[in-house]
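Take a look at the structure set out below.
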Amino acid sequence: MQRRVFLKKGLVGGGAVAAAVALPEATLAEGPIHWKMATTWPKNFPGLGTGANYLASLIEEMSGGRLKVKVYGDKELVGAFEVFDAVARGTVQMGHGAAYYWKGKHPATQFFASVPFGLTAQEMNSWLYHGGGLALWTELYEPFGLIPSPIGNTGVQMGGWFNKEIRSVADLQGLKMRIPGLGGEVLKRAGGTPVSLPGGEIFLALQSGAIDATEWVGPYNDLAFGLHKAAKFYYYPGWHEPGTTLEGLINKKAFEALPKDLQSIVLNACKVANQDMLADLTARNNDALAQLVQQSAHGKEGHGVRVLKFPDDVLKKLRTLSEEVVAEVATSDAISQKVYQSYKGFREKVAAWHVISEQAYLNARTL
Ligand code: CA
C-alpha cells in the first residue's frame, strides 16, 4: 500500500520523479513472491534439512518478506532423486541436495559434490568462489535452465558403518554398500557393489541386511538416523567424501524474473547458508562423536560404538583406483575435461600450500 501511494505521488510530481522511483515489475506485484524449495532430505533433517530451512528464513528476512521460500522434504512434493528435474521444469523454483545425485544427467556434476581424495571443505569453497569452479558449474547447468550455488558443506565425512571389520582390500570383495557418486565407482573397482539410496532409506536397508555397509555423513547426521543400531563398526576417514558441497539449484527463469536486489539477496543468502552449515556440522559432530563412543554409565546414555581407521593399504588402494575413476570421468566430453583440468590444477596448488600450513599444523597439534 505504501509503495502504491509513493508511486502515485511520484507520478503526480512529474515524469522525472516517476522515473527515479520506477521499480521492477515483481516489486509492484500484490503481496510477496512465493517460491518452493524441494530437498533431497527428510523434512527438518538435522544439519542438512535444517540448513535448507535456515536459507529460506534468511531469504525472507533479508528481503523484508518480499520473497518467501517454503521448504519441502523428500517425497512431500517430489522424491529425493526427482529434485533436479522438478527445479529444471519449474515445478519448484529451488532445490537443495548434492550434485553427485545427478551423475545420470551429466557425469561432471560429481566434481561439484565431492571427489574421492579430492578437495576439503575449505579448499572446495576456495576453488568454487575464487578458483573458477562456480563459473564452470554454472556453465554445466546452463543447458538445464538451472543456476547452481554451493549451500553447505559437511567437512570430511566418516568412512561409514560396516557389519564386519575391514582388515584388508580383500574384505571389500562382494561388499554391498550404500555409497554415492565417484566413491561408489571406486568401491566397484575394488570388488564391492555400490548401492544408491536416499538418506531416508538407509537405516532399514542396513538393518535388514539388504546392504552390508553404508556411509552417510558424519557423527551428527549418522546418529540422527540411528545407524549405530544397525551396524557395529564405524570407520574413518571418509576418503570418498573429503568435503562434500551441498547443492542449491535455482530455476533460471524464476531467478531472472526477480528484481536485481532480490537476485542478490538469494545468491548472498546461499553464501551465508553455505558457511553456516559447515560451522553447524563441525560443532555438532564433536558432541555426537562423544555420545557414540561413550559407554552407557551412571545413568548417562552412550552407544559404545567402535571407531576404527581403515588400514593404510586399503586407503592406498582406494586412492590409486580413485585417480583412475576421476580421470575417466574427464574423458566423457569437453566440459567434463575442462572441469577436471580446473579441479586437478587447483588441487595440486592447494595441496602444495596446505601440506606446509593446515596439514603441518594439524600434525603438530597431535605430536
Ligand atoms: Ca556421504
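The values are calculated or read from the model by the stated rules, or taken from the named source; none is laboratory data. Since we're looking at a predicted model, the values are computed, not measured. Ideal geometry is used to build each Cβ from the backbone, glycine not excepted, and the neighbour counts take in all protein chains shown. These accessible areas exclude ligands, DNA and RNA; they are computed on the full protein's heavy atoms, side chains included. Shrake-Rupley method; radii C 1.70, N 1.55, O 1.52, S 1.80 Å.
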Quiz item: Which residue pairs have Cβ atoms closer than 7 Å, lie 6 or more positions apart in sequence or on different chains, and pair a first residue in the stretch 163-182 that is within 27 Å of PHE112 (Cα to Cα) and without any contact (Cβ under 8 Å) to a residue 60 or more places away in the chain with a second residue that is assigned to a loop (DSSP other than H, G, I, E, B) and more than 16 Å from the ligand (Cβ to nearest atom)?
Solution: LEU175/ASP212; LYS176/ASP212; MET177/ASP212
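Among the residues in the stretch 74-91, are any part of a loop (DSSP other than H, G, I, E, B), modelled with pLDDT of 95 or more and surrounded by 24 or more Cβ atoms within 10 Å (Cβ to Cβ)?
yes
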Exercise. Could you check ASP261 against (1) within 16 Å of the ligand (Cβ to nearest atom); (2) more than 23 Å from TRP102 (Cα to Cα); (3) open to solvent by 20 Å² or more (accessible area, probe 1.4 Å); (4) at pLDDT 95 or above and say which number it fails?
Key: (1)
Exercise. Output yes when any residue across the stretch 202-210 is within 12 Å of the ligand (Cβ to nearest atom), open to solvent by less than 10 Å² (accessible area, probe 1.4 Å) and over 20 Å from ALA121 (Cα atoms), and no when none is.
Key: yes
Practice problem: Say whether the condition of being touching a strand residue (DSSP E or B) at 6+ places or on another chain (Cβ under 6 Å), under 30 Å from ILE33 (Cβ atoms) and open to solvent by 30 Å² or more (accessible area, probe 1.4 Å) is met by at least one residue in the stretch 268-277. | Solution: no
Quiz item: Within the bounds of the stretch 236-253, is there any residue that is in a helix (DSSP H, G or I), away from the ligand (no atom under 16 Å from the Cβ) and either open to solvent by 40 Å² or more (accessible area, probe 1.4 Å) or farther than 30 Å from LEU146 by Cα (or both)?
Solution: yes
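Of the residues ALA351, ALA290, ALA364, ALA297, which is without any contact (Cβ under 8 Å) to a residue 60 or more places away in the chain and touching a Pro at 6+ places or on another chain (Cβ under 9 Å)? I'd like the intermediate steps shown before the answer.
Values: ALA351 fails: touching a Pro at 6+ places or on another chain (Cβ under 9 Å); ALA364 fails: touching a Pro at 6+ places or on another chain (Cβ under 9 Å); ALA297 fails: touching a Pro at 6+ places or on another chain (Cβ under 9 Å).
Matching residue, one of ALA351, ALA290, ALA364, ALA297: ALA290.
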Quiz item: Which of the residues that make up the stretch 140-169 are open to solvent by less than 10 Å² (accessible area, probe 1.4 Å), within 13 Å of the ligand (Cβ to nearest atom) and among the hydrophobic types (A, V, I, L, M, F, W, C)?
Solution: TRP161
Exercise. Answer with yes or no whether LEU55 is closer than 20 Å to LEU262 by Cα and either surrounded by 15 or more Cβ atoms within 10 Å (Cβ to Cβ) or modelled with pLDDT under 90 (or both).
Key: yes
Practice problem: Check the stretch 295-309 and report whether any residue there is open to solvent by less than 50 Å² (accessible area, probe 1.4 Å) and in a helix (DSSP H, G or I). | Solution: no
